[in-house]
Amino acid sequence: MAALRNFKPLFDRVLIEKFAAATKSKGGVLLPEASLGKVLKGTVVATGPGNVNEKGDLIPTSVKVGDKVMLPEYGGTKLNMEDKELYLYRDGDLLGVFTD
Amino acid sequence: MAALRNFKPLFDRVLIEKFAAATKSKGGVLLPEASLGKVLKGTVVATGPGNVNEKGDLIPTSVKVGDKVMLPEYGGTKLNMEDKELYLYRDGDLLGVFTD
Amino acid sequence: MAALRNFKPLFDRVLIEKFAAATKSKGGVLLPEASLGKVLKGTVVATGPGNVNEKGDLIPTSVKVGDKVMLPEYGGTKLNMEDKELYLYRDGDLLGVFTD
Amino acid sequence: MAALRNFKPLFDRVLIEKFAAATKSKGGVLLPEASLGKVLKGTVVATGPGNVNEKGDLIPTSVKVGDKVMLPEYGGTKLNMEDKELYLYRDGDLLGVFTD
Amino acid sequence: MAALRNFKPLFDRVLIEKFAAATKSKGGVLLPEASLGKVLKGTVVATGPGNVNEKGDLIPTSVKVGDKVMLPEYGGTKLNMEDKELYLYRDGDLLGVFTD
Amino acid sequence: MAALRNFKPLFDRVLIEKFAAATKSKGGVLLPEASLGKVLKGTVVATGPGNVNEKGDLIPTSVKVGDKVMLPEYGGTKLNMEDKELYLYRDGDLLGVFTD
Amino acid sequence: MAALRNFKPLFDRVLIEKFAAATKSKGGVLLPEASLGKVLKGTVVATGPGNVNEKGDLIPTSVKVGDKVMLPEYGGTKLNMEDKELYLYRDGDLLGVFTD
């Protein structure tokens, strides 16, 4: 997923494209729609500049474009952009980064 | 939309004129009134000076007149000015800027 | 409306005299009482000195006597003074200033 | 009303003696008990030293003994002292000072 | 009431022994139990060291052992110590000090 | 009660072993189970290092191992350790220290 | 339990693998499923970098990989990773560290 060309989140917001939901179980069995749990992993496609703290210093976001991240179960604002379903999170709400 | 001549928002407030709602689908079909979703994009027509932080420094707004911005689904104060429907947001509530 | 002679608001409070409600429509038709919406514009007749921030610096109000301002839809404390209906707002609650 | 001799409020508290309620209308007509609105004006009879801010500086109260002040409609702790009904407010809750 | 020998409140807490409730009216008439209002005056019998502010400075309590103070109507933790009913307040909740 | 050897509370937490509940009245009469009030006194068996304030300085706990302390009526997390019932409090919630 | 290779928590989050629940009582008797209380002990398998305070300094987490910690009764986000049930806590919510 290339970085989003024409949209820049503001402040400490991070734009995420979620991984596609696994439609087959590990054994290769097709999963019924209902059992497709929430997708809680995604790729960073754009980040804001970060927040300015009380001292006036800019604290950049802790993730960068291309990072694979673990998402919280709740929160995230859904945006439809470039025919894609993207989600806007605050940097501080992201749980962690996959490093492999 | 020219910048608003005679009104200056205060503090970190930003005055927005929303894009007109798309009345036709991409295929050119006239959309029924009910299906016109919320317009969540708009143009900045005026900004306040920003907020003063605890150190006494002025932190200007992160957007400027003419920027095209993504709006949150909720919030915004509706104002009728110069026969237009304008909306006042806090700078921090704006989601992002379209950069093309 | 001359500045109020004998009353000085405290801290960041601003005393406002609201514009008179328009009793005729633009076409000159007398408006029924019920349709007189809230008056959300007014003139600053007195301001407090401002607030002292954590550093001990005085941050003056962002408006001054004579400014024409846009008021929020809610809030404001009604005071009867010098036979006038005046309203006390916090500086931070005022939406913007008319600059023409 | 002389300053209260033997009681010193603490921190940013201010002790107020309210003006007597007007029992006659401007035309001299005796007002029925029920119509005696709240008295929202009073005289400062004692003040605390003020609050210490995060830097350790003492920020004195913005009013002094003898000031005539406008009181908020709600709040204030009623104290019976020296056979008088006095009220204790926080400095920050007082609306303004009469300067004539 | 001598200072409490063997108990030291922590932080900005102040230990108070309340004045005995007046059992007779000013005219000398014995007051029925029900009419004995709350006792809102007391003597300081022990104080904590105070609180440390964000700068790391210790801000001592504003009252000292032996001070006669006005208590708020609500709050205060009742402790039974040395066969006495004592009350623990935060320094900031005390209303004022009697200075005669 | 020796200090707890193998457990170190984190931040400003303090581990307390409560005094045993008095089972006899002062006159030596055995107290019925129901009348055994809450035990609000205990001994400090372990403390955390304290909290780091906004300046980055470590503010140690105000009590140390071996102190006899007065506990608040509510709060405290019960832990079973070394076959004992211990309680974890925040340093700031402890009411005072017995100094004899 | 080796440190988790490919996942790095963000900010002050700490990833924990809980101890297995004791299935036998101390006397060796098999415990019924229902009586298996909550497991409130676990091992740190990954930590975030910590939080940046208002001064812009990074305050690292107070625990490190391999520490055995006491968990609060509530809170913690369950994550399924590498076929394991792991839990994400905030550093500040961890109660203490076992030091033997």
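Coordinate-derived values only; no laboratory data. This one's a predicted model, so the numbers in the text were calculated from it and none came from an experiment. In this analysis, Cβ positions are derived from the backbone assuming ideal geometry, glycine residues included, and neighbour counts consider all displayed protein chains.
Counting Cβ atoms of other protein chains within 10 Å of each Cβ in D:5-15 and taking the mean gives 5. Given R0 = 25 Å, the distance between the Cβ atoms of A:R5 and B:K84 translates into a calculated FRET efficiency of 0.25. Candidate cross-link partners of C:K84 among the aspartates and glutamates, defined by an alpha-carbon separation under 14 Å and a same-chain spacing of 8 or more, comprise C:E17. For peptide F:90-100, the mean count of partner chain Cβ atoms within 10 Å of a residue's Cβ comes to 5. Legend: calculated FRET efficiency, G:D100 to F:N53, from the Cβ-Cβ distance at R0 = 35 Å, rounded to 0.05, equals 0.65. The two copies G and E are related by a rotation, and the chain G beta carbon nearest its axis, with distance in whole angstrom, is G:E54, 6. The GluC sites (Glu not before Pro) found in the range G:42-100 that occupy coil by DSSP, while having at most 16 further C-beta atoms within 10 Å, are G:E54, G:E73, G:E82. Here's the list of lysines a cross-link from B:K55 could span, going by alpha-carbon distance under 24 Å and ignoring same-chain residues fewer than 8 apart: A:K55, B:K64, C:K55, C:K64, D:K55, E:K55, F:K55, G:K55. Full extension of the chain segment joining E:T77 with E:A21 gains 18.3 nm, where the gain is 0.36 nm per residue of separation less the Cα-Cα distance. The mean count of C-beta atoms from other chains within 10 Å of the C-beta of residues in D:51-58, rounded to a whole number, is 5. Nearest 0.05, what FRET efficiency do A:K64 and C:V39 give at R0 = 41 Å with Cβ-Cβ as r? So the FRET efficiency works out to roughly 0.20.
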